[in-house]
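The values are calculated or read from the model by the stated rules, or taken from the named source; none is laboratory data. It should be emphasised that the depicted structure is a prediction, and the values quoted were computed from it without experimental measurement. Note that each Cβ is placed from the backbone with ideal geometry, even for glycine, and that neighbours are counted across all protein chains shown.
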Amino acid sequence: MRAHFMENVSKALAVLKERNIHLENIGAGDIVDGNANLILGLIWTIMLHFQVRIEVCLKLFSIVIEHSSNRKMTITLKTEF
């Protein structure tokens, strides 16, 4: 069973790395073994990564809206993700 857990967690960590989420000092074994400190660090890393992305997107939207209001254009943003 451990081999299956290790494989699944390894795949999940690979996806995070592909999405440029910085993983430091954590591997599949740490998660499968239940290392609470490393797992908590991973969760915070994921949360911060996506929070920053959302903030960057919102900043870009505000720039576009500001620019469009100067040009008398109307833009409607969908705020639900």
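So, ASN37, is that one at pLDDT 90 or above and either over 20 Å from the mean Cα position of the chain (by Cα) or surrounded by fewer than 12 Cβ atoms within 10 Å (Cβ to Cβ) (or both) or not? Taking the combined requirement at face value, the residue does not satisfy it.
Residue pairs whose Cβ atoms lie under 9 Å apart, separated by 6 or more positions or on different chains, with the first residue in the stretch 32-50 and farther than 21 Å from PHE5 by Cβ and the second assigned to a helix (DSSP H, G or I) and not aromatic (Phe, Trp, Tyr), are HIS49/LEU16. Of the candidates VAL56, VAL9, VAL52, the single residue that is of a type in the set (Val, Ile, Thr), in contact with a helix residue (DSSP H, G or I) (Cβ under 7 Å, 6 or more places away or on another chain) and modelled with pLDDT of 80 or more is VAL9.
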